[in-house]
Amino acid sequence: LLSRSSTLGFAREFSFARPDFKTSGLVVVIAIAAILPVEAFSSVFERMWGPDADYTSFILSIKPKGPASFAFVAIGIVLVAAVTEELLFRGFIQRIFQRNMSGPLAVVLAGILFSLAHFNPPMIPGTAALGVLFGYFFYRTGSLWYPIAGHAIYNLTMLVRLDAATEEEIVAAKIVP
């Protein structure tokens, strides 16, 4: 559906050629460097709202219970979620915006929609910042590989944090992935 109107085909439409080594390294460094500032920014808003029982219940339900569980959750959150969300928000929504407005505005609006789609008000500012970062990766490179990589790195980091946290810490909202 995303590339049906294109004569290029899916892989060429989204620049799914082999990623450039230098750009890939830069994206990895930027994605890792963004984690702490985004988390610090998000924590300010999370404190204002307090824990949401439904969100806490969801987080507890996906918390890995061992190595096999970690692997299955990682496939879903790190691979499937990163790929599908980037296809939707960068490959589809941002591209529509870019055809109808300036690139930077398209990046910001797609980032805001990305955050709203996560349905957690305290996380909207931090998730919007990540959405803008991932959108910028796509805007600058024209390739979905880079926002997918950044998204996967962030999700993997949050999954490792979740796995390391105790259920008591999660319930007390001392850690909110």
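The values are calculated or read from the model by the stated rules, or taken from the named source; none is laboratory data. As the structure is a prediction and not an experimental result, all values here were calculated from the model. Backbone-built Cβ (ideal geometry, glycine too); neighbour counts: all protein chains shown. Calculation scope for accessible area: heavy atoms of the full protein, side chains included, ligands and nucleic acids excluded. Shrake-Rupley method; radii C 1.70, N 1.55, O 1.52, S 1.80 Å.
Observations
- Of the criteria (1) under 26 Å from T56 (Cα atoms); (2) open to solvent by 60 Å² or more (accessible area, probe 1.4 Å); (3) of a type in the set (G, A, S), which one S102 fails: (1)
- Looking only at residues of region 139-177 that are open to solvent by less than 10 Å² (accessible area, probe 1.4 Å) and within 15 Å of the chain's Cα centre (by Cα), we find that the one that is farthest from S43 (Cα to Cα) is L144.
- Whenever a residue of region 51-77 is farther than 19 Å from E168 by Cα and β-branched (V, I, T), its partners that are open to solvent by less than 60 Å² (accessible area, probe 1.4 Å) and outside any helix (DSSP H, G or I), lying with C-beta atoms within less than 6 angstrom and at least six residues away or across chains, give the pairs V73/P64.
- Scanning region 110-127 for residues that are modelled with pLDDT of 95 or more, of a type outside the set (S, T, Y) and crowded, with 18+ Cβ neighbours inside 10 Å turns up A110, G111, F114.
- Only residues that are buried (at least 22 other Cβ atoms within 10 Å of the Cβ) and more than 15 Å from F92 (Cα to Cα) were counted across region 129-138, and they come to 1.
- The residues listed here are I75, I93, I62; of these, the one that is of a type in the set (A, V, I, L, M), buried (at least 17 other Cβ atoms within 10 Å of the Cβ) and either under 19 Å from I35 (Cα atoms) or over 13 Å from the mean Cα position of the chain (by Cα) (or both) is I93.
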